[in-house]
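The block underneath contains the structure these notes are about, expressed in structure tokens.
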Amino acid sequence: MRRRGRVLVAGSILAPVALYAFYLAAANAYLRSGSLQRALSRRPEVARLEYAEAWTVFPGRVHVRGFRLAGETRNTQWWLAIDRATLDVAVPRLLLRQFVASDVTGGGVALRVARRADAVIPWSTDPRLRPAIPGLANPPRPPPERIYPRSAPPLRAKTWRVRLSGIDMAGLREVWIESMRWSGDGRLAGQFDLLIRRRLTIGASRIELARGDLRQGAAVVVAGLHGALAGSSEPFDPVADAGRPAFHHLDARARLSGRLAGLSFLAALLRPVAGLDVQAAGPLDLDLRLARGRFAPGTRGEVRAENVRVGILDYVATGSGRVDYRVLAEHRRAAGTLAVAVERFALERQGSRGYYARGRDLFLTARSAPPGIDQPFTPASLDVAMPAAEVPDFTFYNAYLPRGAGVALRGGHARLQGSLHAEAPAWTGHAELRLTGDDVVADVLGARVRGRLALHTRVPRLDLARRRFDLAGTEVALSEVSLVAASAVRVAPGWWARARIERGELAPGRPVFLVATAGATIRDAGPIVAVMAPGSRPLAWLERRLGERSEGVRAEVAGRAGQSLAEVDRLDVQGGPLAVQGRLRSSGGRRRGALLATYGKLALGLELRDETRTLRLWRARDWFAGYRFQSDDPP
């Protein structure tokens with residue numbers, strides 16, 4: 001009896017030991033044999049699992065080193081690396097083709113996702129910025145879909161299932177998705193359930209970033225990026241929904257901070273909008289909310305910067321300010337808004353030296369279509385507002401005058417304000433600009449005058465893509481005009497003129513950039529005659545007659561201006577019995593023109609060739625009607 005008891009005791013001790021020894025031998029042999037890797041890598045061109053070594057000491061407790069998991073779909077390639085991991089594996093589930101593990105801990109994690117160069121759903125990422133996926137060529141040669149013709153997923157009973165829970169991985173060192181690469185130190189926690197080729201569910205998961213930099217290529221986008229991201233997904237087909245569609249199953253929230261190095265990553269999105277350029281650097285605060293792959297209302301990002309740069313068309317404003325991105329609920333759907341506020345700015349024209357205006361509170365607002373994680377900002381409209389700016393030196397505007405036209409600005413200062421609105425996809429809209437000049441001094445065909453200028457530029461239709469601006473309705477007013485010094489030209493005290501463009505188009509950068517027809521009311525036409533024929537005795541009496549008409553003198557003018565050309569095709573001034581008609585072309589310092597002045601039945605003609613004036617008395621009306629610019633006249 002005692003012997004039987006000893007045998008039972010010994011058996012109860014030796015049996016578990018034997019079972020344990022058998023487990024150690026069988027389990028470690030299985031882990032070393034590569035059978036698990038082969039079972040989960042039956043199509044290595046589609047998905048491949050590898051690890052450098054794996055072992056177990058306690059039943060179900062597995063240690064892994066050098067874990068690598070790579071794969072691709074028709075659109076996407078991906079790679080997951082874990083340097084070391086420990087997990088509890090439900091061994092009996094392996095017999096049912098289920099790899100079920102819990103309490104997954106370890107460190108040294110890296111994730112890369114890249115778009116296939118031959119993807120059905122392309123992205124605009126520069127191929128040079130995409131991550132390299134170890135073991136996979138991009139594009140693959142030959143593509144996996146040619147090696148494995150499309151077929152229905154295997155039966156559930158023959159499909160491997162991978163389910164991991166209790167994931168808590170330290171040492172997150174890299175997340176590289178398309179062109180954006182974060183590297184630093186972080187932590188990953190969560191769970192997922194994958195039925196290969198059938199279904200993937202990401203359970204509640206969290207990524208904590210302790211420190212690191214976000215880069216695009218070699219350029220740092222956000223330095224010292226830190227914070228947390230949390231999210232989950234509904235079940236989806238990882239093959240059919242690969243790439244962009246995968247994001248449509250994802251809900252997430254991220255709170256991140258860092259120092260923004262610049263907004264160059266927005267260039268490709270904004271440049272089509274009339275070369276729109278926004279640059280800013282400074283502390284960044286992000287609150288991102290994702291619902292089914294789209295940014296949800298409440299999403300915001302803000303940058304406070306000492307140096308904000310806003311460029312549109314040929315103008316650049318720089319100064320301190322704020323760049324703010326928000327997603328708002330509009331008409332039952334989310335819409336993104338990028339707002340730039342420059343509190344104190346200096347305005348310059350590209351190609352000019354230094355700034356020409358200073359102001360406060362320049363605002364730019366670009367609205368987007370419903371934004372998603374793959375398309376965070378697709379500009380749909382643009383608004384620019386400049387409430388007030390000061391132009392200390394009016395001579396800056398000489399750059400806008402045709403060269404050699406006989407008109408030059410010599411002094412003065414001005415106030416400037418304006419607004420612009422345009423909408424995609426054609427980027428057409430409207431604009432308005434007000435320029436008020438005080439103490440403006442100008443030389444006009446040899447006469448130096450002083451006065452005030454009020455320009456109200458109305459643009460009822462603009463085309464930013466073609467750089468064309470309709471000027472119909474634009475108004476120009478000259479007032480308090482007087483001579484600065486003694487001159488052969490006489491100007492009545494307080495001379496004034498008011499004009500309105502009936503038809504006109506501005507096309508900056510073209511050889512002929514302005515074509516316009518305008519109607520005007522002027523105090524008198526005396527200065528027009530005097531400028532063309534200063535000191536002409538035969539016309540002195542006409543100047544006096546014209547000067548007597550101080551009210552109700554109407555004028556019409558049609559002409560065009562280019563980089564080195566100013567041309568008046570038609571000038572028509574009417575005031576009672578007085579009438580003045582004219583044509584003028586000026587280019588490169590050379591001037592040609594004709595003037596017809598009538599007073600009742602009397603008619604006088606004047607031909608202008610540079611500094612030579614020729615009076616036409618005989619049949620002046622016929623001469624003017626047949627006047628044409630000659631072939632040797634400036635073009």
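The values are calculated or read from the model by the stated rules, or taken from the named source; none is laboratory data. All values derive from a computational prediction rather than experimental measurement. Cβ placement follows ideal geometry from the backbone for every residue including glycine, while neighbour counts extend to all protein chains displayed. Remember, those area values only see protein heavy atoms, side chains included, never the ligands or the DNA or RNA. Shrake-Rupley method; radii C 1.70, N 1.55, O 1.52, S 1.80 Å.
Does region 306-326 hold any residues that are among the basic types (K, R) and surrounded by fewer than 19 Cβ atoms within 10 Å (Cβ to Cβ), and which are they? Lay out the reasoning, then the answer.
Within region 306-326, the subset among the basic types (K, R) is 309, 322, 326.
Selection gives R322, R326.
Among the residues in region 331-338, are any farther than 16 Å from F377 by Cα and either hydrophobic (A, V, I, L, M, F, W, C) or buried (at least 18 other Cβ atoms within 10 Å of the Cβ) (or both)? Taking every residue of region 331-338 in turn, none turns out to be farther than 16 Å from F377 by Cα and either hydrophobic (A, V, I, L, M, F, W, C) or buried (at least 18 other Cβ atoms within 10 Å of the Cβ) (or both).
Give me a count of the residues in region 499-514 that are crowded, with 16+ Cβ neighbours inside 10 Å and not small (G, A, S).
Going through region 499-514, the residues crowded, with 16+ Cβ neighbours inside 10 Å turn out to be 499-501, 504-506, 513-514.
Imposing the further condition that a residue be not small (G, A, S) reduces the set to 500-501, 505-506, 513-514.
Total satisfying the criteria: 6.
Pick from R43, R68, R48: which is in a strand (DSSP E or B) and surrounded by fewer than 19 Cβ atoms within 10 Å (Cβ to Cβ)?
Being in a strand (DSSP E or B) and surrounded by fewer than 19 Cβ atoms within 10 Å (Cβ to Cβ) holds for just one of R43, R68, R48, which is R68.
Restricting to region 289-305, give me the number of residues that are modelled with pLDDT under 90, within 20 Å of the chain's Cα centre (by Cα) and either open to solvent by 40 Å² or more (accessible area, probe 1.4 Å) or within 22 Å of S179 (Cβ to Cβ) (or both). So the answer is 2. Region 574-626 holds strands (runs of 3 or more DSSP E) entirely within its bounds, and those carrying 1 or more residues that are more than 21 Å from R523 (Cβ to Cβ), modelled with pLDDT of 85 or more and open to solvent by less than 70 Å² (accessible area, probe 1.4 Å) map to 578-587, 590-599, 602-609. Looking only at residues in region 355-381 that are open to solvent by 50 Å² or more (accessible area, probe 1.4 Å), assigned to a strand (DSSP E or B) and not hydrophobic (A, V, I, L, M, F, W, C), the one that is nearest to H421 (Cα to Cα) is R367.
Would it be correct to say that A230 is crowded, with 18+ Cβ neighbours inside 10 Å, at pLDDT 85 or above and of a type in the set (A, V, I, L, M, F, W, C)?
So A230 fails the test.
Figure legend. Inter-residue proximity from region 129-141: first residues at positive phi, second residues of a type in the set (G, A, S), beta-carbon distance below 7 Å, spacing 6+ or different chains. Indicated pairs: G135/A70.
Within region 53-65, the residues that satisfy the criterion of being part of a strand (DSSP E or B) and more than 16 Å from L80 (Cα to Cα) are E53, A54, W55, T56, R61, V62, H63. Residue count for region 51-62 satisfying the condition of being open to solvent by 40 Å² or more (accessible area, probe 1.4 Å) and of a type outside the set (A, V, I, L, M): 5.
Might you check whether a residue that is over 29 Å from R592 (Cα atoms) and loosely packed, with under 15 Cβ neighbours inside 10 Å occurs anywhere in region 391-405?
Filtering region 391-405 for residues over 29 Å from R592 (Cα atoms) gives 391-393.
With loosely packed, with under 15 Cβ neighbours inside 10 Å added as a condition, the list becomes 392-393.
Yes: region 391-405 contains one or more residues that are over 29 Å from R592 (Cα atoms) and loosely packed, with under 15 Cβ neighbours inside 10 Å.
So T474 clears everything in (1) surrounded by fewer than 18 Cβ atoms within 10 Å (Cβ to Cβ); (2) closer than 24 Å to R554 by Cβ; (3) modelled with pLDDT of 95 or more except one condition, right? Which one? For T474, the exception is condition (1).
Does G351 fit the bill of being out of contact with any strand residue (DSSP E or B) (no Cβ under 9 Å at 6 or more places or on another chain) and either farther than 25 Å from R259 by Cβ or outside any strand (DSSP E or B) (or both)?
Details: out of contact with any strand residue (DSSP E or B) (no Cβ under 9 Å at 6 or more places or on another chain): yes; either farther than 25 Å from R259 by Cβ or outside any strand (DSSP E or B) (or both): yes.
Judged against the criteria, G351 is a match.
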